[in-house]
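The values are calculated or read from the model by the stated rules, or taken from the named source; none is laboratory data. What you are looking at is a predicted structure, and each value in this text was computed from that prediction instead of being measured. Cβ coordinates were reconstructed from backbone atoms using ideal geometry, including for glycine residues, and neighbour counts include every protein chain displayed.
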Amino acid sequence: MTKQEAEIRLKNTFGFDHFYDEQWETIDLLFKGRRVLLIEKTGFGKSLCFQFPATQFQGLTVIFSPLIALMRDQVKGLNEKGIKAKYINSEQTPEENSQTIQDALNGRLKILYIAPERQENQEWIEATRKMNLSMIVIDEAHTISVWGHDFRPAFRRIINLVKLLPQNLPVLATTATATKRVQEDIEKQISGNIQTIRGELIRENFRLYVIKVQSEDEKLLWLAENLPELEGNGLIYTGTRVNTEIYSRWFEYLGIGTTEYNAGLDSDSRKEIENGLMNNEWKAVVSTNALGMGIDKSDIRFIIHTQIPASPIHYYQEIGRAGRDGKPTKLILFYNLTKDENGIEEDYKLPKAFIDGGRPSIKNYNKVINVLKQEQLGERQIMKATNLKSTQVKVIKADLIEQGIIKEVLFGKSKKYEYQFNAPELNTKTFDELREQKLKELSSMIEYVNTRNSRMKFLCDYLGDKSHNHYQNCDNTSLTPFVLNIKETTKQKLSDFRESYFPTLHTAPKTSKTINEKKYYITLDNENNVVLGQEGEKEYCFESIDILKTKIDKLPAEKQHQFLLLINNHLSKEKLLNGVASSYYGVSSVGAALHRSKYENGGDFPDFLLKLTLKAFRKKYGQEKFDLIVYVPPTESGDLVKNFAEKLSQVLKIPISHRLIKTGETQPQKVFKNGYLKKDNVAQKFSYSEPSELAGKSVILFDDIFDSGATIKEIGNVLTKFGVTKIAPLVIARTVGGDI
Amino acid sequence: MSKELTYWLALAHTPKIQIKKKNEIIVQLYEKGKTIIDFFELGSSEWKNTYDLTLSEITFLDEAKKVLSNYAFMVEDLLEQGYQIIPITSQDYSPTLKKNLGKTYAPPVIYTKGNLKIMKEKSIAIVGSRIANDISLEFTDNVAKKASKDYKVVVSGFAKGVDKQALDSAIKYKGQSIIVLPQGITTFQSGFKKYYKQIIEGDVLVLSSFHPKAPWSVQLAMARNPIIYGLASEIYVAESSDKGGTWSGVMDGLRKERSIYIRKSNPNEKNANNLLILKGGKAVDLEGNIIEYKINEEKNLIASEPNLCSKLELSSHIENKIIELLKTDFFSAKKIIEILKIDWSTRKISDFLKSRQDILTMKGKPLKFTHQSAYNPLQKSLFD
């Protein structure tokens, strides 16, 4: 096909008149059955380079993409153009995914987007035996390289696959961000005479700023005063999931319209927020970097990072999502340069901790190897056998598979891991090399913060773009830097906020039942209202179960009966409400105070904690009446919890009971690194010495620190068995990802 | 090699082309220094002219070519799950299997899991009935024990009875084993669980020559038998009836001049062991030691198998045996007498063979004969 012929078809299907030169060069190679690596900045039109040929090929084009949001947007766009495209990912029900696979098998699709993790799915693998494939695309190809900034083990299998594909099947790998080293790594991995096409990376509409601050508070304060003044709508990236919550509560407190987004949200909430972002419903979405990759919004006017990313590539990639319409766009990076007692800058610590914690110790690798030498185990069984955290087991597993020491084998529908005969020794050299590389990249990120030259030039140089552009538009070149000049009233607001914001403990049970082939559930919301929901659909909120029952009265008899079963089932569960903590453990002075008392002989918990805990209690439970305070009997910190509970009892004028007792030895929960073992540790370990006095009572259940919630749930079970009507969990601090 | 695997599976599982033809293609490629990828990149005219493929064979290969990407997905999944895919040209392919089955029967691809070096060791197969008597099981245990002591690998078929005993005994005596599956290798999950430790410690190799997804079937169980015989340097027969898998396997083996040791059965046992001894198997005792075969026992032996005795007397029987033998290779008349242990003269054999149109004569001294179906003028160095 000549370019002229192709452009006539392009006009008909996609409505564009012409291809850019590099687009046509790519497409032409694909038509010739070649393998191509295309490195072009966001907004270049990389998608067209596979979408157009896909419409011209006879069979199916499969696009492996790690970005669910991108799949959704592109499929919608393609369908609007009358091109038959679908996707397979974890956001859809298994039935929807199966239907998509059937459509692909029956030749009813031209384009199929699929998450790389699917390569482990047997239904998909079975289906691939019969599909008529025309082309394979690897989107975000930098994720296939361990030297890339976002390596994903799931892509390892895709690479193995590509190596096995027949030589004349066109393969396209695309990315916006690849250093020379990553480029070479991708070329090597995809092999088969691959041709690379690389474009320029400069984004002329970008306005780059760095704001150096002296404390975490200064970030919150600057944003309080300046966020409303920024033009348009944008994103705020925080380094951690818990910070998305804190920043977004702060903006809520200030009356600035924002919402929070992180990978912990269910897929419906994520979709809703992504839609809201498209429609500019909020000034900003506060998010971990899980949001934004692949979102097709051209007018993101600003992106603010409250923490530095791990490298300049990460940064370029993350800000690359902004300003795709070419209009001026602000990119602001905060950096807290206060030094701790060891002379380390505060904002260096988090990315450094990710590097340090990113790789488990060699001892833990050997633990996993040794248990697998005994028998084949699934992931959960490995966690139980080794007492390792799920995140650690995942990393170890991926590395051991990568090194050919273990393999993942399917047993029916479950996955097990097998040690391999003649397996090589664990190679730790690559781990050290990778760590060195990551530390180097982090130093480069600090260099970006401190550079006095053009920031865009810094990024382009770093990414190996050798073109000679005129780089402007940053606070080191043509723009006035932002200054910190915080008003006293703003500072007062922050202090008030700190004393009125209390994290929820999600302890209330959730009961599900399938009614007429739809899955319904009952649980409580953060305010402890009763929620009736349908999975993936709407939720309805009621003040009490009784009110919910009156609504059900109007349903047809059979359906009513089914819902009553659901309600009764729920009522038979533990009577736990969603509880409250006075603070997160790690993000305020609360954690430090607890630590002093518990582990440094600091005496009773200080009074400011009592004040704060009472405040949290009143805010959460308001005027509700309680009959009794019980507290979790101690494992290792003596009477600290008991003494504190007594003080609570005096102030609240609610009697205290000392009758919740342990019936067996427990280890401190922090010894256990995963939820399964924490649950086992406390199972059947509690009782109440005078059960008869509990019947009909409403109870406050107090503890100092809330971690996995396994203890609270176990005690909730025991108290419910003895007839309490309501249990309200109250703790001083809630941990974030096991930070004690 | 790994990028060729996609193509190997495509060739191995193309239907309606005989193994022999597939191996001939492989031999030609091997001799020309070409890869299997080169072969799949050829057009139908080259397939026809250079590789002597028929129109129907070309049609099936064309179909296989279209689904190469699909095979790529399957290969990736198999390797990922720790299965080895071993083409006949691979250094890892069992030399014993290749030698014993030759280009006519050696599967172009085998699938394995475990210690590949086991295939390079000296090996014995212990075969016999699924419903074997206690004596047969004791014999199996004895032979497996001796083999394990002598560092010989025990090959068995993972059926009930003798097969299972052979495997269990080899494991018991810390020997090495090959389990030859009557099914695709991915359908053996319970076995992989059961023999996990033996596999990862290198004492058991699981092997299948069938499509990796094929479920167990009677046909595959039958087709699996020649693979067991092929993988072994020596074959021990614990118990055989006068028909079925063991019988036909041993008969086939004897025709191919394999070393086959048959447990001499007691007079009160109802099996065809002693008849197999008569047909050329070497008699062994309960311990697997070779025992003197006395001609005067023949009568007694045959007396316990009256109906088979009469079969033996059918005049066409020997003729058929000769023809069957010649379907496998070239033989001189003298060799034919030796192999089949028949009391014909070389003259009688030559006259008989020259009278038949389906027999080809190769000039030279002595004259050699072959059946036309076995004739192939090319030197097959891959199999020599």
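For segment A:130-160, the candidate set comprises residues that are surrounded by 20 or more Cβ atoms within 10 Å (Cβ to Cβ), charged (D, E, K, R) and more than 14 Å from chain B (Cβ to nearest Cβ); within that set, the residue that is nearest to residue A:65 (Cα to Cα) is A:139.
So in segment A:123-163, with the set limited to residues that are small (Gly, Ala, Ser) and at pLDDT 85 or above, which one is nearest to residue A:314 (Cα to Cα)?
As a first pass, look at segment A:123-163 and keep what is small (Gly, Ala, Ser): A:127, A:134, A:141, A:145, A:148, A:154.
With the extra rule that they be at pLDDT 85 or above, the set shrinks to A:127, A:134, A:141.
Details: A:127: 36, A:134: 33, A:141: 14 Å.
Checking each candidate, the answer is A:141.
Does residue A:566 satisfy the condition of being assigned to a helix (DSSP H, G or I), outside the structural domain of residue A:671 (by TED's automatic domain parsing) and under 35 Å from the mean Cα position of the chain (by Cα)? It is true that residue A:566 is assigned to a helix (DSSP H, G or I), outside the structural domain of residue A:671 (by TED's automatic domain parsing) and under 35 Å from the mean Cα position of the chain (by Cα). On the given criteria, is residue B:178 crowded, with 18+ Cβ neighbours inside 10 Å, within 14 Å of chain A (Cβ to nearest Cβ) and within 30 Å of residue B:280 (Cβ to Cβ)? For residue B:178, the condition - crowded, with 18+ Cβ neighbours inside 10 Å, within 14 Å of chain A (Cβ to nearest Cβ) and within 30 Å of residue B:280 (Cβ to Cβ) - is met. Among the conditions (1) free of Cβ contacts under 8 Å to residues at least 60 places away in the same chain; (2) not assigned by TED's automatic domain parsing to the domain that holds residue A:276, the only one that residue A:365 does not satisfy is (1). Restricting segment B:1-20 to residues that are of a type in the set (A, V, I, L, M) and away from every other protein chain (no Cβ under 14 Å) leaves a set whose member that is farthest from the chain's Cα centre (by Cα) is B:17.
Working only within segment B:325-346, note down all residues that are basic (Lys, Arg) and modelled with pLDDT of 85 or more. Give the derivation first.
First, pick out the residues of segment B:325-346 that are basic (Lys, Arg): B:327, B:334-335, B:341.
Listed by number, the residues that qualify are B:334, B:335.
Out of curiosity, is residue A:163 within 14 Å of another protein chain (Cβ to nearest Cβ) and either farther than 30 Å from residue A:339 by Cα or in contact with a strand residue (DSSP E or B) (Cβ under 6 Å, 6 or more places away or on another chain) (or both)? It is true that residue A:163 is within 14 Å of another protein chain (Cβ to nearest Cβ) and either farther than 30 Å from residue A:339 by Cα or in contact with a strand residue (DSSP E or B) (Cβ under 6 Å, 6 or more places away or on another chain) (or both). Listed by position, the helices (runs of 4 or more DSSP H) inside segment B:9-99 whose residues that are within 18 Å of residue B:112 (Cβ to Cβ) and not assigned by TED's automatic domain parsing to the domain that holds residue B:155 number at least 2 are B:68-80. Going through (1) away from chain A (no Cβ under 14 Å); (2) in contact with a strand residue (DSSP E or B) (Cβ under 7 Å, 6 or more places away or on another chain) one by one, residue B:75 falls short only on (1). Looking only at segment A:38-64, how many residues end up being surrounded by fewer than 23 Cβ atoms within 10 Å (Cβ to Cβ), out of contact with any Leu (no Cβ under 7 Å at 6 or more places or on another chain) and farther than 22 Å from residue A:325 by Cα? Residues meeting the conditions: 4. Condition check for residue A:383 on (1) closer than 24 Å to residue A:435 by Cβ; (2) surrounded by 15 or more Cβ atoms within 10 Å (Cβ to Cβ): one failure, at (1).
Of everything in segment B:170-224 that's within 20 Å of the chain's Cα centre (by Cα) and assigned to a helix (DSSP H, G or I), which residue is nearest to residue B:124 (Cα to Cα)? Looking at the filtered set, the residue picked out is B:224. The set of residues in segment B:342-360 being touching a strand residue (DSSP E or B) at 6+ places or on another chain (Cβ under 9 Å), charged (D, E, K, R) and assigned to a helix (DSSP H, G or I) consists of B:354 alone. Scoring residue B:301 on the criteria (1) modelled with pLDDT of 90 or more; (2) part of a helix (DSSP H, G or I) leaves a single failure, condition (1). Taking segment A:46-154 and the helices (runs of 4 or more DSSP H) fully enclosed by it, the elements with 2 or more residues that are β-branched (Val, Ile, Thr) are at A:68-80, A:94-105, A:122-128.
Apart from one condition, residue A:407 fits all of (1) part of a helix (DSSP H, G or I); (2) surrounded by 19 or more Cβ atoms within 10 Å (Cβ to Cβ); the exception is (1).
Table: residues versus (1) in the same structural domain as residue A:146 (by TED's automatic domain parsing); (2) modelled with pLDDT under 90; (3) in a loop (DSSP other than H, G, I, E, B).
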site	(1), (2), (3)
A:289	no, yes, yes
A:292	no, yes, yes
A:299	no, no, yes
A:317	no, yes, no
A:332	no, no, no
A:349	no, yes, no
A:353	no, yes, no
